[in-house]
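Input: a single structure, listed below in C-alpha cells.
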Amino acid sequence: MFADTSYDALSMDDIARQAHVAKGLIYYYFQSKRGYYLAIIQDSVTDLVTLAASGHELPPVDRVQRTIDRYLRYAEHNQAAYRTIVSGGVGFDTEVHAIRDGVREAIVATIAEGAYGRADITPLARMGLLAWVCGVEGTTLEWIDRPELPRETMCELLVKGLGGALRAIEDLDPAYPAPEAARQGA
C-alpha cells in the first residue's frame, strides 16, 4: 500500500483493513504508522541482503550469477516493495533512505569480500562497486516497468557489468586486481 499511496494519505484504518487485523494490534506491535512502515521496509531489505550474502559454497562466478538472478526474481515478484526500497517510498524519507543506503553498503561489502577477500576497501574501490550497485537498482526499476528482456539476459548483462566495474577498479588501482573471471569478460 505504501508503494502505491503516499504515506500521509494512508490511515491506520486502511492498513488494518488491508491486513485483516484490528488497528490496535498494529499499534501494539509497531507503536505507530511510522513504526509499521519502517518495519515493512526493513523486512523487505533483509531478504535482499540475505540473498546477496548467501552461497559461499559456490564458485565465485556461479555465486554472482545466482545472486543477481535471485535479486532480479525478488524485484520481479515484489515490485512494490522493491520500488519502495530503491526509491525511498513515495516522497523523500530520510529513514528509508538510510535503510536503503545500509543495503547498498552491505551489497558492496559482500562483493568486496568475494572479489578481494575483504570488505575494508579504498574509497576508489568502494565507489566503483557502489556505482555498479546503483546502476543495477536503476536498471532493475526500468526492467520491472518494461520487461522487454528475459530475466536471463538481464542477469547476464548485470554480471558482465560487474566484471567491467571490477576491471575498471583494477585499471585505476592495481592493488585491487579483478578476479580472473572478470578479466575474462564474465
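The GNM of the chain, with springs linking C-alpha atoms under 10 angstrom apart, assigns the highest mean-square fluctuation among Gln18, Gln42, Gln79 to Gln18. For the stretch 99-116, backbone phi angles converted through the Karplus equation (6.51, -1.76, 1.60; θ = phi - 60°) give residue-by-residue couplings of 5, 4, 5, x, 5, 4, 5, 5, 5, 4, 5, 5, 5, 4, 4, x, 7, 10 Hz, Gly and Pro being listed as x. For the chain, the spread of Cα coordinates along the three principal axes comes to 57, 35, 31 Å, biggest extent given first.
Whole-Hz Karplus values for the stretch 139-154 come out as 5, 5, 4, 5, 5, 6, 6, 9, x, 7, 10, x, 4, 4, 5, 4 Hz, taken residue by residue from phi with 6.51 cos²θ - 1.76 cosθ + 1.60 and θ = phi - 60°; glycine and proline positions read x. Close amide-amide hydrogen proximity is noted between Ala178 and Glu170, each under 5 Å apart and 5 or more residues distant or on a separate chain (H modeled in the peptide plane; Pro and chain starts excluded). Considering only Arg146, Arg126, Arg73, the Gaussian network model of the chain with Cα springs below 10 Å gives its largest mean-square fluctuation to Arg146.
Overall form of the stretch 82-157: oblate. Here a/c, set by the Cα gyration tensor axes a ≥ b ≥ c, is 1.5 or more, and a/b is not larger than b/c. Residues in the stretch 17-22 carry Karplus couplings, in order, of 5, 5, 7, 6, 9, 6 Hz; the curve used is 6.51 cos²θ - 1.76 cosθ + 1.60 with θ = phi - 60°, and Gly or Pro positions show x.
Gain on full extension, evaluated as 0.36 nm per residue between Gln31 and Leu58 minus their Cα-Cα distance, stands at 5.5 nm.
A short reminder: the numbers here are calculations on the coordinates, not readings from a lab. Computed from a prediction, not measured in an experiment: that's the story for all the values here.
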